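Structure, as structure tokens:
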Amino acid sequence: MSDAADVKHWQTLSFGDADAMMAWLGAIGFTEHATYRDETDPSVVVHAEWLWPGGGGVMFGSQRPDGVVTNVGGSAAYLVVDDPDALFDKAVAAGATVVREMVDQDYGGRGGSVEDPEGNHWSFGSYQPR
């Protein structure tokens, strides 16, 4: 097995409105690596890969009957960042709803969480799990 520092994590999601969620992901710091659309209906994202600056990223697509992940709004992710307060503020400004305010955590670091416009739970924190 590789060193833990070499492992990159990828969250997989399904979105009801992939274009709106791509705007939200971009607003909080993800960058587009690849986005593939349905040839007959370009409003449908078949597969997309967006990168997180700290490594790894998210893979997602539009909710559709033949999709692998179909639970729109039912996913959760934790993003490690040096300045979780700034990311939290960006997420809220981009339309997220506060679930848990930013606080200093008993186990170390600082963190809080939001719900994105489609109901997925995102936690942001400076605590790096080991």
Point-to-point label distance, Asp83-Arg130, nm (Cα→Cβ direction, 7 Å offset)
2.7 nm
May I ask you to derive the relative contact order of segment 4-125, considering only C-alpha pairs under 8 Å and at least 6 residues apart, and to give it as an integer percent?
24 percent
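As a test, work out the antiparallel percent of DSSP beta bridges whose residues both lie in the chain, rounded to the nearest 5. Write down the numbers at each step before the final one.
Values: 20 of 31 bridges.
Around 65 percent of the beta bridges assigned by DSSP in the chain are antiparallel ones.
When you count, for each residue, the other Cβ atoms within 10 Å and take the mean per peptide, how do 70-78, 110-118 rank with the highest first?
Values: 70-78: 15.0, 110-118: 20.3.
Highest mean packing first, the order is 110-118, 70-78.
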Alpha carbon convex hull of the chain, volume per residue in cubic angstrom
113 Å³
What FRET efficiency do you get for Ser43 and Val69 if R0 is 25 Å and r is their Cβ-Cβ distance, rounded to the nearest 0.05?
0.85
Going by alpha carbons, how many degrees (0 to 90, nearest 10) lie between the helix axis of 84-93 and the longest principal axis of the chain?
40 degrees
Ala20 versus Val99, label points 7 Å from Cα toward the beta carbon: distance in nm?
1.9 nm
Segment 98-124 and segment 34-52: distance between their alpha carbon centers, rounded to Å:
28 Å
Relative to the first principal axis of the alpha-carbon coordinates of the chain, what is the inclination of helix 18-28, with its axis defined by its Cα atoms, in degrees from 0 to 90 and to the nearest 10?
20 degrees
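The numbers here are math on the coordinates, done by the rules we state, and not lab data. Please read all numbers here as calculations on a predicted model, not as lab measurements. Glycine gets a Cβ as well: all are built from the backbone with ideal geometry, and neighbour counts include every protein chain shown.
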